[in-house]
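A quick write-up on the structure given underneath.
The values are calculated or read from the model by the stated rules, or taken from the named source; none is laboratory data. None of the values given here were measured: they were computed from a predicted structure. Here the Cβ is made from the backbone with ideal geometry for all residues, glycine too, and neighbour counts use every protein chain on show. Just the protein is used for accessible areas: all its heavy atoms, side chains included, with ligands, DNA and RNA removed. Shrake-Rupley method; radii C 1.70, N 1.55, O 1.52, S 1.80 Å.
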Amino acid sequence: MSRPGQGVMMPVTGLGFPPQNVARVVVWEWLNEHSRWRPYTATVCHHIENVLKEDARGSVVLGQVDAQLVPYIIDLQSMHQFRQDTGTMRPVRRNFYDPSSAPGKGIVWEWENDGGAWTAYDMDICITIQNAYEKQHPWLDLSSLGFCYLIYFNSMSQMNRQTRRRRRLRRRLDLAYPLTVGSIPKSQSWPVGASSGQPCSCQQCLLVNSTRAASNAILASQRRKAPPAAPPLPLPPPGGPPGSLVVRPSATFAGTALWATPATATGPTEPAQSPGAPPRSPSAPSGAPTPGQNNLNRPGPQRGTSVSTRASIPPGVPALPVKNLNGTGPVHPALAGMTGILLCAAGLPVCLTRAPKPILHPPPVSKSDVKPVPGVPGMCRKTKKKHLKKSKNPEDVVRRYMQKVKNPPDEDCTICMERLVTASGYEGVLRHKGVRPELVGRLGRCGHMCHLLCLVAMYSNGNKDGSLQCPTCKAIYGEKTGTQPPGKMEFHLIPHSLPGFADTQTIRIVYDIPTGIQGPEHPNPGKKFTARGFPRHCYLPNNEKGRKVLRLLITAWERRLIFTIGTSNTTGESDTVVWNEIHHKTEFGSNLTGHGYPDANYLDNVLAELTAQGVSEAAAKA
């Protein structure tokens, strides 16, 4: 199936414009932490376009049209989205698509996440799905777009080709995205109303003027060299965090202020949840370590003239974490926008503090302080190259767990999507002696029915390890094994406590997998695979439930289920070692990335994930 053309970017002073007299659908998109462009909703895009027509250098307050986006503003001059409560900056772009495509018709394709909420696909994926749907294709392979998923329109489901996990999807009619023809005229200077000398009273101008006032106060405090007769800046009470800077609102408005030249930020951004992003569990892992967050970039000679490095935050003054915002001036417009949105417009002081850094590792531990985990034998497990079991005939495995059904019901087979009363969709594609295309079987424990030939095809496309997984409910028959490459797993106690477990020592797990060559069970046999970020350190509390999780993780490691070889969600790199749907905590002393503690539900969640992989105490006793 041919892939439809993506949107075309034609930047002009930061904004894209379509060719003259050519109608295009406008979709505004933001760049998430996985380098994927995520579309705003049609309602938000209409709002951005309306503001753009009035002032192409202004700011867009997204909370005016979507209550879930209250913390976010877009600076049209620098083409960045800012989150005021965390200081996160993300690039945005104005993209164009054909009016006959999905966004032009108001069609949105969404998938159901683990929390039961619906998440929109990226716009290029949405257009591809809609094109296949309009052509009445029964299914669609998304591998050409870099995703290992199959879309089945008959059952309206999405299936992971590697894990066979299915999710529901839906097609929803929404407001059509805005339509534009030709280019937009150049707008007046920013902010609106500045030339008149009197500040406008609308919410947009109040925002702009208050953010400019906050920027002036910061610039003045940094550029001022205190003369002998000048009174010193008031210092907060001593004893607080170093590097804090108190900024109070200024009465200066448009036309009389110093203003930093906007520049694109190049520093790292935190993986905070952004509008439109799929909701993420607190225990969701990352495929690579999160980059550290930098501090506010202030010139050295001016640091002593602003405030004392030992100053503290006055009582009642909220603190605002600030990253290193690279630009031509000491203050980026994003900083002024954040402070203004937060409190300056309300006439309250704001305290800019150094952005917190995630605590990924515990303090150094000597070898004498490292102890075995009680109740868990040994301190290390190694895995070698996978040895395929040649005695597992696909037909024999399927018949072991299936019972023939003489009179099948008139419903779909969840593998080939054909009716059970008809022949399997694999008829003529796959031939096995004794397995006729019309035979239907029922799985013993869960009772779900499929064509026998379909189950033989599914098993032949997997690890061929003697286990079978129900394509409907994911129940596992036999002992499931994975495709994890060879490596080493170490586990031991360290004399430090995790947040939320003050009176408990910590179990540290260290995974180490070297680079190597893919085997016959991997996506590209004979090709080299990479192993980024190893050794990887993970942490559990040393309590009863934590030790239970450790024992099951050891079992999962021995069955090669912890890692697999695929495409990294974080970097987009293919043929690399990635996590395999069993979440780990990789942040020791904080939870800034979402991969740390405290997380009251993590241990229960990971036990459920292990059970879904067929690893549980009940299964071990069975």
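Miscellaneous remarks
- Net charge of Cβ neighbours under 9 Å - reference M79; Lys, Arg +1; Asp, Glu -1: +1
- Computed over neighbours whose Cβ is under 13 Å from that of P374, the net charge equals +3, Lys and Arg +1, Asp and Glu -1.
- Compared with the alpha-carbon gap, the fully stretched path from N543 to R445 is longer by 31.9 nm at 0.36 nm per residue.
- Rolling a 1.4 Å probe over the heavy atoms of the protein chains gives region 488-619 an accessible area of 38 Å² per residue.
- Set K384/K404; K527/K585; K382/K585; K382/K464 screened for pairs whose C-alpha atoms are more than 27 Å apart: K384/K404; K527/K585
- Proximal aspartates and glutamates to K105, defined as alpha-carbon separation beneath 20 angstrom and excluding residues fewer than eight positions away on the same chain: E29, E49, D122, D124, E134, D174
- Ligands, DNA and RNA left out, the accessible area of region 488-619 computed with a 1.4 Å probe is 48% carbon and sulfur.
- Highest-first arrangement of 165-176, 441-452, where packing means the average Cβ count within 10 Å: 441-452, 165-176
- Expressed as a whole percent, the accessible area of region 394-477 that falls on carbon and sulfur atoms is 46 (1.4 Å probe).
- At a probe radius of 1.4 angstrom, the accessible area of region 394-477 per residue rounds to 50 square angstrom.
- FRET efficiency, S144 to D503 (Cβ-Cβ, R0 35 Å, nearest 0.05): 0.05
- Counted charge near H537, where neighbours are those whose Cβ lies closer than 15 Å (Asp, Glu -1; Lys, Arg +1): +2
- Additional length obtainable on full extension of the chain from D604 to N113, 0.36 nm per residue less Cα span: 174.9 nm
- Largest-first ellipsoid semi-axes for region 24-180, taking √(5λ) over the Cα gyration tensor eigenvalues, angstrom: 30, 18, 13
- Prolate/oblate/rounded call for region 429-554, Cα gyration tensor, a/c under 1.5 rounded: oblate
- Here the label points at D85 and N160, each 7 Å from Cα along the C-beta direction, are separated by 2.9 nm in the simple model.
- Atom-type composition of the exposed protein surface of region 24-180 places 48 percent of the accessible area on carbon and sulfur (1.4 angstrom probe).
- Label-point separation, K382 to I359 (7 Å along Cα→Cβ), nm: 3.5 nm
- With a Förster radius of 51 Å applied to the C-beta separation of A423 and L173, the computed FRET efficiency comes to 0.90.
- Spin-label model, K474/Q68: points 7 Å from Cα along the beta carbon direction are separated by 2.2 nm.
- DSSP-defined antiparallel bridges as percent of all bridges, region 488-619, nearest 5: 95 percent
- A protection proxy built from the mean count of other Cβ atoms within 10 Å ranks the segments 524-533, 117-126, most packed first, as 117-126, 524-533.
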